[in-house]
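Right, one structure below, let's go through it.
The values are calculated or read from the model by the stated rules, or taken from the named source; none is laboratory data. Since the structure is predicted, the reported quantities are computational estimates derived from the model, not experimental observations. Neighbour counts run over all protein chains shown; Cβ positions are idealised from the backbone, glycine included. Only protein heavy atoms, including side chains, enter the accessible area calculation; ligands, DNA and RNA are left aside. Shrake-Rupley method; radii C 1.70, N 1.55, O 1.52, S 1.80 Å.
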Amino acid sequence: GRPAGPRHVKERALAALEAARRRTLALTDCLDEDELTAQHSPLMSPLVWDLAHIANQEDIWLLREAGGRPGLRPELDHLYDAFRHPRADRPQLPLLSPEAARRYAAAVREQALDVLAAAPVDGSPLFDGGFVFGMSVQHEQQHDETMLATHQLRKGPAVLHAPAPGPAPDTTTLPREVLVTEGPFTMGTDTDPWALDNERPARTVHLPAFWLDTTPVTNAAYQEFIDDGGYTDPRWWTPAGREHVERTGISAPLFWRREGGTWLRRRFGRTEAVPPDEPVMHVCWYEADAYARWAGRRLPTEAEWEKAARHDPATGRSRPYPWGTDGPTPAHANLGQRHLQPSPAGSHPAGAAPCGARQLLGDVWEWTSSDFTGYPGFAAFPYREYSEVFFGPDHKVLRGGSFGTGPAACRSTFRNWDYPIRRQIFAGFRTARDAGPSETRTTA
Ligand code: AVJ
Ligand code: FE
């Protein structure tokens, strides 16, 4: 279990704030001023914008809202307001220089740690369980993942280095799919102190039995779809997906290129053969959806994904993580940019869910079939712009986190969302199918 109490809450917040900042600095200290201020893709901000935006959000939320202080640079709020300036316009703004952004981030952090030391950690929704500090950490970690995606889009030689993940254990006896039996489970949470508004409230959801892939779909499996003419066969695509493929001409995951008979991929400034046993990534929702139909299957709904990731049939309860209640270790999941690629399919048996599925957290985000909406009883907190303004049919839900996701922004209830055309994110998928009536009483 998790130790409670104000001292533990503050220690957890402090450690998470420091870990997130180490990563932020690692992603920005490795590039010179020109590279930090350049726009590597119109989809992304210049890295120096992310750096100062992280500092500005901490200025707003930890110094002003939580600390009741005047804050350091309120005059910068408009420059670093994501809603005021689309990403493509950000390089033209009079942004802080990299040096000034670093100084701003350090100065805000110094005061934020004073606020943390003096803060109550209960008594109000903003402070209960250290929520506002957890929110700030998760915000920084999400931008760290966005910055990692910017690194993947930049041209030029590699500047990030990390060891490769270990090989998968022997997977010859691993079943291709696992059964999640029919019945109710608790979806969402009322009790996780760092859960964001869109993960709340908890409710009971009743699902029919279904089968789910034991691991994310691999590059080798996805290549079969390509080789089978999957991209040009209209049977596999929704009308919107078909239209998207025709308009963009996509015919393989982003960053892939065929040379002779081999598929190569560019990864953080290096080119390598596509590893067959790794989860496929940099595919959009339309590609994931088409692959699933080609395979005679479908994407899981968001509710199915969450049930597979946390329902414990032995107790009838939902877990914070597939493996239980303790936070992730490297044995459980490939998270936090310790590696710069997903682990091979079948890795992390210690992180398996009760149903037997592996790698639900970490490695690659997983597209689900669901639109991003508020749960029944949703209440925006502490601000509408975090999630509520994105609710609706334009965004699809992704679950599980990637190798680039910080551990504080990853749990069985965490919800991510994006447009169905997006491919620069570290997203793959796994597939599902309905279980037949004779299978509903089988125990997984
Ligand atoms: C939840 C990843 C979609 O990056 O747009 C960052 C997170 N919100 N700053 C995003 C976020 C405000 C968000 N995603
Ligand atoms: Fe942000």
Expressed in angstrom and rounded, the centroid-to-centroid distance over alpha carbons for the stretch 26-58 and the stretch 372-444 is 27 Å
Across Gly123, Gly356, Gly241, the residue with the highest GNM fluctuation in the chain (Cα network, 10 Å cutoff) is Gly123
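Need one word for the chain: rounded, prolate or oblate. Basis is the Cα gyration tensor (sqrt eigenvalues a ≥ b ≥ c); a/c below 1.5 gives rounded, then a/b vs b/c decides.
Because a/c hits 1.5 or more and a/b fails to exceed b/c, the chain counts as oblate.
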Measure of exposure for Lys396: accessible area at 1.4 Å probe, Å² rounded to 10, is 30 Å²
Taking every other residue with Cβ under 14 Å from the Cβ of Ala220 and scoring Lys and Arg +1, Asp and Glu -1, one gets -4
With a 1.4 angstrom probe the carbon and sulfur portion of accessible area for the stretch 101-234, in percent, totals 57 percent
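Let's test the formula: R0 of 25 Å, r as the Cβ-Cβ distance of Arg176 and Phe83. What FRET efficiency results, to the nearest 0.05?
Step by step, r from the Cβ atoms, then E = 0.05.
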Note on the chain: contact order normalised by length, alpha-carbon pairs under 8 Å, 6 or more apart, percent, works out to 19 percent
Using alpha-carbon positions, the gyration tensor of the stretch 89-215 gives root eigenvalues a ≥ b ≥ c; with a/c under 1.5 called rounded, otherwise prolate if a/b exceeds b/c, else oblate, the class is oblate
For the pair Arg298 and Gln92, the simple spin-label estimate (label points 7 Å beyond Cα toward Cβ) gives in nm 4.5 nm
Under the 7 Å Cα-to-Cβ spin-label approximation, Thr248 and Arg317 lie apart by a distance in nanometres of 4.3 nm
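Please report the net charge: other residues with Cβ closer than 10 Å to the Cβ of Met44, K and R +1, D and E -1.
Summing Lys and Arg as +1 and Asp and Glu as -1 gives +2.
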Rounded to whole Å², per residue accessible area for the stretch 19-114 with a 1.4 Å probe reads 44 Å²
Given 58-65, 97-104, the highest-first ranking by average Cβ count within 10 Å works out to 58-65, 97-104
Excluding ligands, DNA and RNA, the carbon-plus-sulfur percentage of the accessible area of the stretch 346-444 with a 1.4 Å probe reads 52 percent
In Å², rounded to a whole number, the accessible area per residue of the stretch 152-215 with probe 1.4 Å is 47 Å²
Plugging the Cβ-Cβ distance of Asp29 and Asp371 into 1/(1 + (r/R0)^6) at R0 = 51 Å yields, to the nearest 0.05, a FRET efficiency of 0.85
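Quick one, could you list the DSSP H helices from the chain stretching 27 Å or more along their long axis (Cα atoms) with average Kyte-Doolittle hydropathy of -1.0 or above?
TM-like helix candidates: 6-29, 98-118, 131-153.
Could you work out what % of the accessible surface of the stretch 57-100 is carbon and sulfur, using a 1.4 angstrom probe and leaving DNA, RNA and ligands out of the count?
Carbon and sulfur: 52 percent of the exposed surface of the stretch 57-100.
According to the square roots a ≥ b ≥ c of the eigenvalues of the Cα gyration tensor, what is the shape class of the stretch 254-355, taking rounded for a/c under 1.5, prolate for a/b larger than b/c otherwise, and oblate for the remainder?
Because a/c hits 1.5 or more and a/b fails to exceed b/c, the stretch 254-355 counts as oblate.
Taking 0.36 nm per residue of separation and subtracting the Cα-Cα distance, what length does fully extending Tyr386 through Asp233 add?
51.2 nm
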Simple SL model, points at 7 angstrom along Cα→Cβ for Leu264 and Thr325; separation in nm is 5.2 nm
Taking alpha-carbon centroids only, the stretch 322-345 lies from the stretch 104-164 a number of Å equal to 19 Å
